[in-house]
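Accompanying notes for the structure given below.
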Amino acid sequence: MSVPGIVQSSLGDEHVAAKVPLGGEDTLFVTPSRTLIYRADGLLSDESVEEYPHDAERISVSEGRRKSTITLDYGIDGEDSFKIPSKRLHDALHPVIAGVLNGAGITDANEQVTQTYQFSELTLVLTSARVVKHVGEAIWDQDFEQFHFADVTSLDVEEGTVSSQIIIEANGRPQRIKTPSDRTREVRERLEQSLLAYHDVGSYAEFEETVAPAEEPEPEADENVSFTEDDDVFGSGVEPLNANPPELDDSGKIVEDPLGEDEAERVSAELEDTDHATTESTAPSGGATAESRPVSSGSATDSVAEPEPEPRKIEQREAQTQESTSVGTTAQESEATTGFADSGFESASERLDDPVEAQLTALTEVVERQNELLEQQQRTIEQLIEELSHGR
């Protein structure tokens, strides 16, 4: 590449990245950090070099019939511009945009700008690693979008009569780029070539396999976790419902006393105390006289001294006492034999399929039978108390 001496002295340690002829001996040189415009000797001017740094915030273009102007906006440092022939505008814009994107840190130092497209207010820049999209009057400014090829998972086209849309799916979201229909195929193919080169694959099918999400492996069972009978799966201090149900034999009958040994002993003791109290209340004192005791039946009653009973009345009391004792004994024997195994009672659970429901039915029947026995004994005791209170 032939570089004039005046340009060579301006390069310093930099190298020329791009060179665009502007007509005659005038040339545009682009380095990583600057754009240099070389003007050869002429009738109206001497040989010169103009420098335009790439740290611009905005690139604007004003097109004319013969001459076009490229303006670089440096923010608070103002603007700077240069004129080139309109027929060389698009050739010059490509390296200038590439230099500005690199100077602004949009592209990496080793990233190459492969193609630049300008469609009315849309500027599209393809690099070796990304797509840069800008929409607006300016060719480029800080209001831009970029889609890195590492995030792209699919590429498609929606064709139209006048304009078509190139659809880039990046980060799981579709991004649409509207292009003229007569240029859509070219843009799409250039974009696909850059995408395949980035992923180092030879076809779009291989690209799809490369970016396809990996299937997550199914979680393996933890061998260290086990559940045994000793594990407290209900939490500390909490027992499941119906934790101690009564045992049933093959026919569905309760094998053991459904009330439990402790409950049966308690009920039996209460019955014995009741019978003992009844016997003491009816037995004559010293064989000659009987003293009545205070009896409570809902409210307090006064003690009444009874006269010495006649021999016939004493015999009646002894008979009644023996009858009460016989009733208590019968109740105790009945309570001791209330199990279904000895009574011959056929449990309703034999006709039920649900074991829990069968157990509840059996327990209900046992409780109802015990209540009937207790009510019968209560009526007998009340009758004895009533007769004693009347001196019978």
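The values are calculated or read from the model by the stated rules, or taken from the named source; none is laboratory data. Not measured: the values here are computed from a predicted model. As a convention, Cβ positions derive from the backbone with ideal geometry for all residues, glycine included, and neighbour counts pool all protein chains shown. Heavy atoms of the whole protein, side chains included, go into the accessibility calculation; ligands, DNA and RNA do not. Shrake-Rupley method; radii C 1.70, N 1.55, O 1.52, S 1.80 Å.
Could you check how many residues of region 52-71 are within 14 Å of residue 100 (Cβ to Cβ) and touching a strand residue (DSSP E or B) at 6+ places or on another chain (Cβ under 7 Å)?
Here the count works out to 11.
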For this session: Answer with yes or no whether residue 73 is over 28 Å from residue 180 (Cα atoms) and touching a Lys or Arg at 6+ places or on another chain (Cβ under 6 Å).
Result: yes
Problem set entry | Selected residue [under 47 Å from the mean Cα position of the chain (by Cα), at pLDDT 90 or above, more than 16 Å from residue 37 (Cβ to Cβ) and part of a helix (DSSP H, G or I)] from 101, 126 | 101
Exercise. Which ranges mark the strands (runs of 3 or more DSSP E) fully within region 1-73 that have 3 or more residues being of a type outside the set (S, T, N, Q), within 24 Å of residue 113 (Cα to Cα) and in contact with a Leu (Cβ under 8 Å, 6 or more places away or on another chain)?
Worked result: 18-23, 26-30, 34-39, 48-53, 58-62
Exercise. Taking region 366-384 on its own, how many of its residues are among the polar types (S, T, N, Q), open to solvent by 40 Å² or more (accessible area, probe 1.4 Å) and under 60 Å from the mean Cα position of the chain (by Cα)?
Worked result: 1
For this session: Scan region 158-178 residue by residue and report those that are part of a strand (DSSP E or B) and among the charged types (D, E, K, R).
Result: 158, 169, 173, 176, 178
For this session: Out of 121, 111, 79, report the one residue that is out of contact with any helix residue (DSSP H, G or I) (no Cβ under 7 Å at 6 or more places or on another chain), of a type in the set (D, E, K, R) and surrounded by 15 or more Cβ atoms within 10 Å (Cβ to Cβ).
Result: 111
For this session: Those residues that are open to solvent by 60 Å² or more (accessible area, probe 1.4 Å) and of a type in the set (Gly, Ala, Ser), I need them from region 46-76; list them, please.
Result: 62
